[in-house]
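To keep things clear, I will list the structure first and then write my remarks on it.
The values are calculated or read from the model by the stated rules, or taken from the named source; none is laboratory data. If you're wondering where the values come from, they're calculated on a predicted model, not measured in any experiment. Because the Cβ atoms are built from the backbone with ideal geometry, glycine has one as well, and the counts that use them run over all protein chains shown. Please note that ligands, DNA and RNA were not included when accessible areas were found on the heavy atoms of the full protein model with its side chains. Shrake-Rupley method; radii C 1.70, N 1.55, O 1.52, S 1.80 Å.
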Amino acid sequence: MSLLDDQRSVLFVHAHPDDETISTGALIAECVARGSRVFLLTCSRGERGEVVAGPLTALAGTIELARERELELERATGILGVHSKFWLGEPPARAAGLSPRRYRDSGMVWIRPGLAGPADDAAADALSVAPLAEVAGDIAALIVRLRPALVVSYDDGGGYGHPDHVRAHEAALAASRSTGTPFAEVLETPADGAEWFDLPHRLAVVTDALRAHASQLTVHGTDIVHSGGQREAIVTAAGLRLVPTH
C-alpha cells in the first residue's frame, strides 16, 4: 500500500513561495488526483529572493516583492489543485493567545554549488532565528484545526541547506510529534525506508505551476532557469520517508 493511498488530507509545509512547486509540485498533483484534500502552509513570503531579469526586476529588495510572490503562490496553488493555503504566524496557523506575526525570509549564502548556509544578516524577525517552540506551536495550531492525515516537509538538511528549510523541517516535525500526526520528509533520491514516486505524467501541471512563479524562475523546455542563471531539470520524482512521531 502506498503512503499516498487513502489519505483524506495532506498538509505540505514549505518555507517560501515556489518551494511547493519546485520540490513537491508533482507530489501535490498526485495527492489531488488520488482524492486527497491538499493544504499548504508557507512560512515566509520569500522577501529576500533574487528576481529574474526582466519586467519584474525592479521589485528586487522592495516590499512589493512580497506581494508579488503572494500573487504568484495564489496562481501556482490554483494550478496544482491545492484546496487551502495558509501563512505561518497568521490564524489559524498561530498559537492561541499570541498576536499575529509575519516570519521573514532569512536569506542564505552559497557554501558550494548545491549547498546553502545561513546569511550573516538575517533580520530579528526571520524564520530561521525565531524560537523553535514558537514556530512549532504555530504549525501545531494549524494541524489541530485541519487534522491532516499526513504532514509533509523537507528532510533534516532542508533539501539543500537553506536555513529556512531546515527550520521548517524542525518545526513541522516537532508539531507533528506534539499532535501525534504522521510526518513524512521529502527526499531527492531513493533511500532505504522511503517510498519513491516517479510521476512523469505530472510534468505538464508542474510546468504550468512553475510559470506562475515568474519573479523567481523561467521555464525553458523541461528545465528551470533560476534568477542566478542556475539550470535544473523540472522535478517530477521524489521520495517520502516516514519519520517517527510517537
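What do you reckon, is Leu40 outside any helix (DSSP H, G or I) and within 13 Å of the chain's Cα centre (by Cα)?
yes
Mind checking which pairs have a first residue in the range 67-85 that is farther than 14 Å from Gln216 by Cβ and a second that is among the charged types (D, E, K, R) and open to solvent by less than 10 Å² (accessible area, probe 1.4 Å), Cβ under 6 Å, 6 or more apart or different chains?
Correct list of pairs: empty, since none qualify.
Would the range 147-165 turn up any residue that is modelled with pLDDT of 95 or more, of a type in the set (Lys, Arg) and surrounded by fewer than 21 Cβ atoms within 10 Å (Cβ to Cβ)?
Yes, the range 147-165 contains a residue that is modelled with pLDDT of 95 or more, of a type in the set (Lys, Arg) and surrounded by fewer than 21 Cβ atoms within 10 Å (Cβ to Cβ).
Checking the condition in contact with a Ser or Thr (Cβ under 8 Å, 6 or more places away or on another chain), open to solvent by 40 Å² or more (accessible area, probe 1.4 Å) and not basic (Lys, Arg), which residue from Pro91, Pro182, Pro100, Pro113 passes?
Exactly one of Pro91, Pro182, Pro100, Pro113 is in contact with a Ser or Thr (Cβ under 8 Å, 6 or more places away or on another chain), open to solvent by 40 Å² or more (accessible area, probe 1.4 Å) and not basic (Lys, Arg), namely Pro182.
Please work out which one of (1) modelled with pLDDT of 95 or more; (2) touching a helix residue (DSSP H, G or I) at 6+ places or on another chain (Cβ under 9 Å); (3) open to solvent by 40 Å² or more (accessible area, probe 1.4 Å); (4) among the aliphatic types (A, V, I, L, M) is the condition Met108 fails and give its number.
(1)
Just to verify a result, which residue in the range 116-140, among those that are acidic (Asp, Glu) and at pLDDT below 95, is surrounded by the fewest Cβ atoms within 10 Å (Cβ to Cβ)?
Step one: of the range 116-140, the residues acidic (Asp, Glu) are 120-121, 125, 134, 138.
Those still in the list that are at pLDDT below 95 too: 120-121, 125.
Details: Asp120: 7, Asp121: 10, Asp125: 14.
My answer is Asp120.
For the range 192-246, please list each of the strands (runs of 3 or more DSSP E) lying entirely inside it that holds at least 2 residues being without any contact (Cβ under 8 Å) to a residue 12 or more places away in the chain and in contact with a helix residue (DSSP H, G or I) (Cβ under 6 Å, 6 or more places away or on another chain).
In the range 192-246, no matching strands (runs of 3 or more DSSP E) lie anywhere.
Kindly provide the set of residues from the range 1-39 that are of a type outside the set (A, V, I, L, M), in contact with a Phe, Trp or Tyr (Cβ under 9 Å, 6 or more places away or on another chain) and either closer than 21 Å to Glu70 by Cα or modelled with pLDDT of 95 or more (or both), ordered by number.
Correct list: Ser9, Phe12, His14, Asp19, Glu20, Ser23, Thr24, Glu30, Cys31, Phe39.
Considering only residues that are open to solvent by less than 50 Å² (accessible area, probe 1.4 Å) and among the charged types (D, E, K, R), which ones fall in the range 21-72?
Answer for the range 21-72, where residues must be open to solvent by less than 50 Å² (accessible area, probe 1.4 Å) and among the charged types (D, E, K, R): Glu30, Arg45, Glu47, Glu68, Arg69, Glu70, Glu72.
List, please: which pairs have Cβ atoms under 8 Å, are six or more places apart or on different chains, and start with a residue in the range 95-109 that is on the phi < 0 side of the Ramachandran plot and end with one that is among the aromatic types (Phe, Trp, Tyr)?
Final answer for the pair search is Arg102/Trp87.
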